[in-house]
Every structure is written in structure tokens, then in C-alpha cells.
1. Report the local net charge at Asp145: Lys and Arg +1, Asp and Glu -1, summed over other residues whose C-beta lies under 12 Å from its C-beta.
2. Grab the DSSP H runs of the chain that are 4 residues or longer, score each as -39,500 (n - 2.57), total them, divide by all residues and round the 222 nm result to the nearest 500 deg cm²/dmol.
3. Only helices at least 30 Å long along their axis, Cα-based, and averaging 0.5 or more on Kyte-Doolittle count here, so list those DSSP H runs from the chain.
4. Test of understanding: ordering His409, His164, His307 by Cβ neighbours within 10 Å, fewest first, what list do you get?
5. Let me make sure I get this right: for the range 23-123, a, b and c are the square roots of the gyration tensor eigenvalues over alpha carbons, sorted descending. Under 1.5 in a/c it's rounded, otherwise prolate if a/b > b/c, else oblate. Which is it?
6. Any idea what log10 I(q)/I(0) is at q = 0.11, 0.18 Å⁻¹ for the range 139-293, Debye with uniform C-alpha scatterers and no solvent?
7. Which of the lysines could a cross-linker span from Lys214 if the Cα-Cα distance has to be under 22 Å and same-chain partners fewer than 8 positions apart are dropped?
8. How do 383-395, 167-179, 226-238 rank on mean C-beta neighbours within 10 Å, highest first?
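FYI, it's all coordinate maths here, none of it is from the lab. What you see is a predicted model; the values in this text were computed from it and never measured. Note: ideal-geometry Cβ built from the backbone for every residue, glycine included; neighbour counts use all protein chains shown.
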Amino acid sequence: MQDLIFPPSFQWGVATSSYQIEGAVSEDGRAPSIWDTFSHQPGKVDNDDTGDVACDHYHRWQSDLDMIKGLGVDAYRFSIAWPRVQPLGSGAWNPLGLGFYDRLVDGLLERGIAPHVTLYHWDLPQALQDKGGWAARDTVQRFVDYALAMAERLGDRAASFATHNEPWVTSVLGNQTGLFAPGLKDPVIARRVAHHLLLSHGMALQAIRAAGVKTPLGIVLNQSPATPATSSAEDIALAAREYALFVRWFAEPLLLGRYPEAPDLPICEALQPGDLETIAQPLDFLGINYYTRIWSSTSNPPVPAPHACGTSDMGWENYPEGLTELLCGLKRDYPLPPIFITENGMANRDVVIDGKVDDQPRIEYMRTHLQAVKAAMNAGVDVRGFFYWSLMDNFEWSSGYAKRFGLFHVDYKTQVRTPKESAHWYRRLIEQQPSA
Ligand code: IFM
């Protein structure tokens, strides 16, 4: 592991999100989110799984925090379920929901773990979707009110606030392909949603800073480099377009205050004067979620990606070099704030045998991706931390519970958590880092 020694101040963490682990969807005043509605529609999620119980973290949070502490990590990234703290997305606050996150944050601090809070990881209150969801400009102000309230409540204890997790997913998978909640299939709505997400991020940062909250503020983007499958002009052009829609469409307004321009790129018709200046607020950090690369082939059938490092159970190519390529490309193209790798991990077909889960492919994935992070740091990219996705197996959105990303295996019948070999490996890796 000698090649995996990081600077003493580097933060080691694990990540989860509210709907994927909490369960208790109708307890203590929580109202439905778009994911409750979506997952209860037959055929939307594999096996018709829902987040009704998930990992039952809402009840088991204390032992889950002990489990996190046992890993020896410095930091835990989790999200707040908006419909738990403000059930209808506007108006009344729910003291029981607020109390849950107060206790979670205090419980982390008692265990010496830094709480990194994501404000929106896709569980929009259904009441707001009923009024147009993120396609409606009014939802922007609703989010700003919610974000400010959370920042004022937890800002004295949180290590950071990220406004949104992966706005590309909310916009494209939720509103263009319909694979995720709310399940719409309209590219114009999807672009409007993307713009409103970015605008709500900028306005939230303005409001939180104006209120005097000093906690570091940022946003989390899912990003991938795009590789042309061949050296043909068509494949090269496709890779450039896919990179523009996946990476530049979000990075450019945030970091340069403009949308990427090219004749074949769509325009954003929701854009109003002043929006871009609002979106481009200074960032204290940028979170990057990386899993795989985009492979761009115009052939029919497409030229297959090489898959030299194997494939995850999601069918995604393991391509660690892509993380170095991505980070170095971002540094080349944009003025970057400090970077955190807020998610990286793989789904594996994990089974418990004699109380053990021997997930060697995951260890290899982590080892090679951490090497890729180091290579980017050696090339001058300012990476401050790494959060493995995910702490434990959980509700993998439209794939349900079949896909397992966790360092801990979850038996959904008994809720027993079993550390996988990768959890032991991660703990040993963190143990051997120089102390801060
Ligand atoms: O589980 C998701 C997470 O919610 C967001 N980023 C990607 C993960 C794996 O698909």
C-alpha cells in the first residue's frame, strides 16, 4: 500500500444518501418524496423494490455511526431528506425530522467524524412536484428557503454543505429518459430542470453567506471523460458532444458563468438575465463523483469499450485512468476550487460465506482509483479528500436492492451488516496514513 500514502490533511470518508438508507418513509411526520411515488409505480424499479424500509437507518443510526467509526474514517457524507424536515417543501417545518438530523450530526461529532451534508440527493417533496417540480422556477426559491434553514440550523456543526448531488441525474435521468423519478421524458423540461438546479445552487450560496454562515459551501457533480471509440472524425465529434452535455453543461456555468456554446448543442430557454452571474458564486469546494468513462462510438453496432480492468455489476467499465484524465482536464479548462472525490465505488455480486464477503474486485477498484487520484494530485490537482460510495449496500434507485456498492453487506431480511474484505482493507489503508 506504499503507493497509497496521502498528505496528513487528506480526508477519508464514506458516503450515503437519505432515501437510499433511511426507510421510515411515513414516520414522524415525513411526507412522500418523488421517489416514494415513483418506486411504488409497478415496473419502475427492478423487482418493484421501494425505499420504504431500505437499511432502516432511521432507527439504527446509532449503531450505523459506530460502524462508521470502526472504519477509522475522518468524515461521513450523508443527505437530508427534504420531506422529512419540511414535509410539503414549503411552509411548516417538522420538529421530529429536524431533531433526527440534529442527533445524527451530534452523534458524528461525538465519535470524532466530520459531518458533510448534502442538501438535495433527489428526494424532492412530492407536493412540489405536483406544482411543476424543478421545471417550475418557483421551486428554486423553495429550495433556497430550505437550504438556508438547514444551514442556519446545522452550520455551527457541519463540516460542509453541498447544495445538489449530481444535477445531471436529476435533469436527464429524471426528466429526459424517465428512468428515475419523477419519470418524465421531455428534453426541453430536462434542460429547464438543469438550469433551475444550478440557479437554486447559486441563490442558496448567496443566501447562506448573507446570513453569516461560515461553513464551506459547494456542489457535487457526476463527471466522466469521453473517449472516442476510434480516430474517425465522427467518433471524435461525438465524444466532444457527449463531454459537453455531461461535464461542460454543469461545470461551465458554475466555474465560468456561461453555458457551453456549439452549433449542435441545445440552448437553455429557461435562462433569464442575471442567472449566470448568480450561478457562478465562488465555490469553497467542488465534489466530483466518478464511476466510469463515456465511450463514444457512432458505429452500428457500436465498437465495444475494451474493459481491460473489468466491469462492475452495473455493467460499467472499470477505468481508473479516467479519473486522472477527468481531474487533469478540469484543471486545464477551469479555475478550480479544492476538490473532494465525493463518490467512487463499484457494485459487485457480493455474497456472505461463513460470515465473510470476499470482494476482491472492489479492493482492486479502490486501489486503482486511489492511485488515479494520486496521479492527478502529483499533476497539480488540489484534491482534499475521498469518500467511498457507499458505506453499506442500499437502495440503488431503479436497480433496487440487487446492486451492492457497500463496504458493509446488508441482509435486507434481518438488517444484519457484515463488513466486507474491502471494509477491512479501507480501515488498514486509513490506519497507515500519516496523522494530521
Ligand atoms: O447510488 C448512486 C448515488 O446515489 C449517486 N451516485 C451514483 C451512485 C451509484 O449509482
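1. On the way: positive: Arg142; negative: Asp138, Glu152.
Residues close to Asp145 contribute a combined charge of -1.
2. Values: 14 runs with 157 residues, N = 436.
Using -39500 (n - 2.57) per qualifying helix, the result is -11000 deg cm²/dmol.
3. Working: long enough: 187-210 (34 Å, 0.59).
TM-like helix candidates: 187-210.
4. Details: His409 20, His164 27, His307 13.
Exposure proxy ranking, most exposed first: His307, His409, His164.
5. On the way: a/c = 2.21, a/b = 1.43, b/c = 1.54.
Since a/c reaches 1.5 but b/c is at least a/b, the shape of the range 23-123 is classed as oblate.
6. -0.46, -1.12
7. Answer for Lys214, where 22 Å is the Cα cut-off: none of the lysines qualify.
8. On the way: 383-395: 25.0, 167-179: 21.2, 226-238: 16.5.
Top of the packing list down: 383-395, 167-179, 226-238.
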